[in-house]
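Asks: Below: one structure in structure tokens.
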Amino acid sequence: MISIPRKKIREYDAKKMLAANLAKYGYDISLEVAKVDEHTIKGNMGKTVEIGSVSGVLTNFIIEPFVEHDNEYFLAIMSQREEDIILFSEKGGVDVEEHWHKIIQIPVPINENIENISITTRLPVSGERKERIVSFIKALYKYYVDFGCTYIEMNPLAFDKQERVYPLGFVCELDDCEHKCEGKWNGLEFPQPFGRKLYPQEKFVAELDDKTGASLKLTVLNPDGKIWLLVAGGGASVIYTDTVVDLGYGKELGNYGEYSGDPNEEETYHYAKTVIGLATNGGQEDRTLLIGGGVANFTNVANTFKGIIRALRESKEHLQKMKIFVRRGGPNYEEGLKMMRELGNEINVAIDVYGPETHMTKIVDLAIKQMNGH
Amino acid sequence: MENHNLFSRDTEAFIYNLKVAPIQRMLDFDYICKRSKPSVAAIINPGNSGYHKAFFGTKEILIPVYSKISDAVTAHSHADVMVNFASFRSAYSSSKEALETKTIRTVAIIAEGMPERDVRQLISVAKKNNKIIIGPATVGGIAAGAFRIGNTAGTIENIISCKLYRAGSVGFVSKSGGLTNEMCNVLGRTTDGVYEAIAIGGDRYPGSTMLEHMLRFEQNPEIKMIVGLGELGGDEEYAIIEAKKKGKITKPIVMWVSGTCTKIFPGEVQFGHAGAKTGKLEESADAKNKALRDVGVIVPNSFEDFDKKIAEVFASLKLPAKKEPEVPKLPLDYDAAVKKSAVRKPTNFISTISDDRGDEPYYVGIPMSKLIENNYSIGDVISLLWFKKRLPEYATKFIEMCIIIAADHGPAVSGAHNAIVAARAGKDTVSSLCSGLLTIGPRFGGAIDDAARFFKEACDKGLSAEQFVEDMKKQGMLIPGIGHRIKSAKNPDKRVELLKEYAKSFPSHKYLDYALAVEQVTLKKADNLILNVDGCIGVLFVDLFDSCKFSKEEIDEIVELGYLNGIFVLARSIGLMGHVFDQKRLKQPLYRHPWDDILFLP
């Protein structure tokens, strides 16, 4: 759905990259960190754990030497529209949220040199360590800007007996649109979010998506769902999905999906075939398929419908009890809608067809009424 | 122009990067809006300058193209918009430069995938210079009846059905560019239409916010209601809520935030980043919709009744109906008219031998892949492209043999000599080759057609060899294809011997036999009046056509049109180019003919 260019990276990568580069920004840091494989972490590697409502498999561990330290600090940098904000607290560690009021915020306006920002006077630290923290923050900020970071959080941040700095816990998020930084990132991998295994159909569509300049997306929400979506356009697909949920039928929604960016007939066919396959799997009583979309800008509606029509025709024996609703506008939509109507007669499947004179999500309402036997 | 209006019917824009289709779409919009001047003042196309031709209605106009923003701005100080079609890589520098000019006030950035820090820097430049950015990652926007950014609102048919050719009373702003089209359609159906529709783009930090545009709409007396379409993520909508609370917006707002579905998605785990607690507001669509509703924004229950809410609010305003102007009919583009079978025109050219319109070129109906797979020879290709037939192998081999034999005849013959002189004068390959080819004519290499014609005519008439020689003598004509400067009966031309030998394999060689009979007569007059290579090739081609069952008319036409001299030109081009390369390889200097080789007379 809406793609977010801010990407979290692995803590291992975050630490390695920082240790390798921070000296260039005026602060030497040495971090010993190792990524380990399943031989070292027997019992935990591959174990399924549940965090919140999501369960997933543990696949990555890091090993670090124990660092004896006194105080635990909290340090973060975040980006906002007109400024970056440095957050710091002397009361870091697991209890940071309890001491939230102790966090100080130092805004750095965009395009401002960090050297011109007064940090020393605002830092609630006393003693010799203060200047050390200030220079660490300055180096870290320069690194933050230069490496395309959108969020950094070090909690806890600690010092060992030799006063060497250690970000013991380290979260780092990068802007994957920062093409200038790709060289510096040095082949860094953006891991998939924790948890959630892909259905084979989702994998298939993701592979299709990789191979084309167009956009093809599929998320299975409920394989036994009664409402299935085959929607053109990123924005429109979200709104169709919203509407099913807003009308109270989110539980009945089989999938989220989108095709856009002018996929060719073959790609549209494979995409449609996959969605239809899911929609007709496990009985078709009361099931509906919504072939929706807004008023297209320049996509030839009749052309994109050809791939969908081919997929529908091939699946006709599975569609006999299914109800299909179509709504679309844009270049050549009259011809596209006519083709859909004719297909309904040809394969003897109920296909209700609407154009731009009908509100975009009207077919969601109609589908729900149909499902409820109205 | 009032400060709250970015665009008017006089707005002129620069287009950064030569994007032919959106430029034409802007001009088409101008035309149906009956603008007096086109909205595209100039194109900035880095590295190129000149003119771009486009249609303004039925007329063609020239739009100046500049290679630099600074040049364009100097020449068109009244243009105050730049529509930036630069890629995400170069959008930053070009947008920054535009924002720093005196005269460009609004920059629309179309590119998707710009780094957020770049955009934030542009925002700070815009703020400093009191400029407006629309985008990035957007289609742009449209001021109905006045100005269109690039591709906004799609096809002309859609623009007409949404009545965007004249201003309505609704100010619309959305994040999504894709849905702007759908919303123009909704507003066209439920209200008196759009006054202005802006898509600010889907990035985290859009160059201008929804609120900034809504505040402009608030100040604009022509706009009676505001419609917004937000998205989950970011805090755009909270700024609107604040403004609404403070009474900065009093006009009715109907708004919907999309993304309410995310709650049923298998989510990503949030590990409780502290950032989420720094006073940030909840970014979910549900939270935003509720917060908007709480301050009196009209929020539907779902997108499904968005249109009804808009219609209700619009009806409650009780506005007088807008006057509907007559919309000029946009002429069909030729290509579109052809597709619709709405137009026909006579063609200026015909081709019957080859066709390159498909996936691969065809020679007389045979696809290139088949030519290669089936090992077609050069002789086969010549038969196809020249004679439009496939000839049997003995014939194509004969054609190739003629090419081999006539490919070169040493550096001293006129053609080679001229090519060499031209090459030594420093001329390029084509010029040097042409210099040689242009010597081919009646005295050099150009006797094949004539030989074929005369021998064939005489033979077909049934003239005896003696009669033919006598007739030619009476007319005071030399017999083409007879005689050689060096070769003679005693010193025969090896090339002719080879050709004659090969001709034995032809099913019929009566014309050669006839020519040889003529040679017997002429040899009685002088030893060097032999059938020369031109003559031999000429008559053998006639024998070949005869053997391959070409009709008499076909053969006459071939001879008439000069096909056979073509064989010589084709063959000799190989040799001439060889001489040209040879001279260039040897770095031969400019040739000057020595005076002592010229007889100077008073």
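Rule-based calculations on the coordinates, nothing more; no lab input. Predicted model only: the values in this text are computed from it and were never measured. FYI the Cβ positions are ideal-geometry reconstructions off the backbone, even for glycines, and counts take in every protein chain you see.
Asks: How many residues are in contact with a Phe, Trp or Tyr (Cβ under 8 Å, 6 or more places away or on another chain), within 25 Å of B:Ile198 (Cβ to Cβ) and hydrophobic (A, V, I, L, M, F, W, C) when one looks only at the range B:74-100? Quick ask: steps written out before the conclusion?
Replies: If we filter the range B:74-100 for residues that are in contact with a Phe, Trp or Tyr (Cβ under 8 Å, 6 or more places away or on another chain), which is where we start, we get B:75-76, B:79, B:81-86, B:94, B:98.
Filter again for within 25 Å of B:Ile198 (Cβ to Cβ), leaving B:76, B:79, B:81-86, B:94, B:98.
Imposing the further condition that a residue be hydrophobic (A, V, I, L, M, F, W, C) reduces the set to B:79, B:81-83, B:85-86, B:98.
Result for the range B:74-100: 7.
Asks: I would also like to ask the following. With respect to A:Glu317, is the statement that it is free of Cβ contacts under 8 Å to residues at least 24 places away in the same chain, under 29 Å from B:Asn185 (Cα atoms) and not in a strand (DSSP E or B) true?
Replies: Working: free of Cβ contacts under 8 Å to residues at least 24 places away in the same chain: yes; under 29 Å from B:Asn185 (Cα atoms): no; not in a strand (DSSP E or B): yes.
No: the conditions fail for A:Glu317.
Asks: Could you look through the range A:286-303, keep only residues that are assigned to a strand (DSSP E or B) and of a type outside the set (Gly, Ala, Ser), and pick out the one that is nearest to the other protein chains (Cβ to nearest Cβ)?
Replies: As a first pass, look at the range A:286-303 and keep what is assigned to a strand (DSSP E or B): A:288-293, A:295.
Subsequent filtering for residues that are of a type outside the set (Gly, Ala, Ser) retains A:288-291, A:295.
Values: A:Thr288: 15, A:Leu289: 18, A:Leu290: 13, A:Ile291: 16, A:Val295: 5 Å.
Among them, the one singled out is A:Val295.
Asks: From the list A:Asp242, A:Asp262, A:Asp246, pick out the single residue that is over 20 Å from the mean Cα position of the chain (by Cα), more than 17 Å from A:Gly282 (Cα to Cα), within 7 Å of chain B (Cβ to nearest Cβ) and not basic (Lys, Arg).
Replies: Numbers: A:Asp242 fails: over 20 Å from the mean Cα position of the chain (by Cα); A:Asp262 fails: within 7 Å of chain B (Cβ to nearest Cβ).
Unique residue meeting the criteria: A:Asp246.
Asks: Also, quick follow-up: Suppose we keep only residues that are surrounded by fewer than 17 Cβ atoms within 10 Å (Cβ to Cβ) and within 13 Å of chain B (Cβ to nearest Cβ) within the range A:304-338. Which one would you say is nearest to B:Glu182 (Cα to Cα)?
Replies: Result: A:Glu334.
Asks: How many residues, within the range B:94-126, are within 16 Å of B:Leu6 (Cβ to Cβ) and among the basic types (Lys, Arg)?
Replies: Residues meeting the conditions: 1.
Asks: Still on this structure, please answer the following. Sort out which residues of the range A:272-293 are crowded, with 24+ Cβ neighbours inside 10 Å and closer than 19 Å to A:Asp224 by Cα, and write them in order of number.
Replies: Step one: of the range A:272-293, the residues crowded, with 24+ Cβ neighbours inside 10 Å are A:272, A:275, A:279, A:287-293.
Matches in the range A:272-293: A:Ala272, A:Val275, A:Ala279, A:Arg287, A:Thr288, A:Leu289, A:Leu290, A:Ile291.
Asks: Right, next: Name the residue that is farthest from the other protein chains (Cβ to nearest Cβ), counting only residues in the range B:96-140 that are on the phi < 0 side of the Ramachandran plot and among the small types (Gly, Ala, Ser).
Replies: B:Ala98
Asks: Please verify whether B:Arg117 is among the basic types (Lys, Arg) and in a helix (DSSP H, G or I), treating the condition exactly as stated. Reasoning before the result, please.
Replies: Working: among the basic types (Lys, Arg): yes; in a helix (DSSP H, G or I): yes.
Against the criterion (among the basic types (Lys, Arg) and in a helix (DSSP H, G or I)), B:Arg117 qualifies.
Asks: Any chance the range A:181-203 includes a residue that's basic (Lys, Arg), under 23 Å from the mean Cα position of the chain (by Cα) and either more than 14 Å from chain B (Cβ to nearest Cβ) or surrounded by 18 or more Cβ atoms within 10 Å (Cβ to Cβ) (or both)?
Replies: Among the residues of the range A:181-203, at least one is basic (Lys, Arg), under 23 Å from the mean Cα position of the chain (by Cα) and either more than 14 Å from chain B (Cβ to nearest Cβ) or surrounded by 18 or more Cβ atoms within 10 Å (Cβ to Cβ) (or both), which makes the answer yes.
Asks: Tell me which residues, restricted to the range B:378-395, are touching a helix residue (DSSP H, G or I) at 6+ places or on another chain (Cβ under 7 Å) and more than 23 Å from B:Ser351 (Cβ to Cβ).
Replies: Hit for the range B:378-395 is B:Ala395, nothing else.
Asks: Can you confirm whether the range A:23-32 contains a residue that is away from chain B (no Cβ under 14 Å), of a type outside the set (A, V, I, L, M, F, W, C) and part of a helix (DSSP H, G or I)?
Replies: Keep residues of the range A:23-32 that are away from chain B (no Cβ under 14 Å), which gives A:23-32.
Narrowing further to those that are of a type outside the set (A, V, I, L, M, F, W, C): A:24-28, A:30, A:32.
If we keep only those that are part of a helix (DSSP H, G or I) too, we end up with A:24-25.
Yes, there is a match, as at least one residue in the range A:23-32 is away from chain B (no Cβ under 14 Å), of a type outside the set (A, V, I, L, M, F, W, C) and part of a helix (DSSP H, G or I).
Asks: Continuing with the same structure: Working only within the range A:92-142, note down all residues that are closer than 22 Å to A:Arg164 by Cα and of a type in the set (Gly, Ala, Ser).
Replies: Selection gives A:Gly92, A:Gly93, A:Ser126, A:Gly127, A:Ser135, A:Ala139.
Asks: Hey, A:Gly235 hits all of (1) closer than 20 Å to A:Phe298 by Cβ; (2) assigned to a helix (DSSP H, G or I); (3) away from every other protein chain (no Cβ under 12 Å) but one; which does it fall short on?
Replies: In the conditions (1) closer than 20 Å to A:Phe298 by Cβ; (2) assigned to a helix (DSSP H, G or I); (3) away from every other protein chain (no Cβ under 12 Å), A:Gly235 misses (3) alone.
Asks: Sort out which residues of the range A:193-225 are under 30 Å from A:Gly248 (Cα atoms) and in a loop (DSSP other than H, G, I, E, B), and write them in order of number.
Replies: A:Pro193, A:Phe194, A:Gly195, A:Arg196, A:Lys197, A:Leu198, A:Tyr199, A:Leu221, A:Asn222, A:Pro223, A:Asp224, A:Gly225
Asks: Any chance you could count how many residues in the range B:355-381 are within 24 Å of B:Phe398 (Cβ to Cβ) and surrounded by 14 or more Cβ atoms within 10 Å (Cβ to Cβ)?
Replies: Adding up the residues that qualify gives 9.
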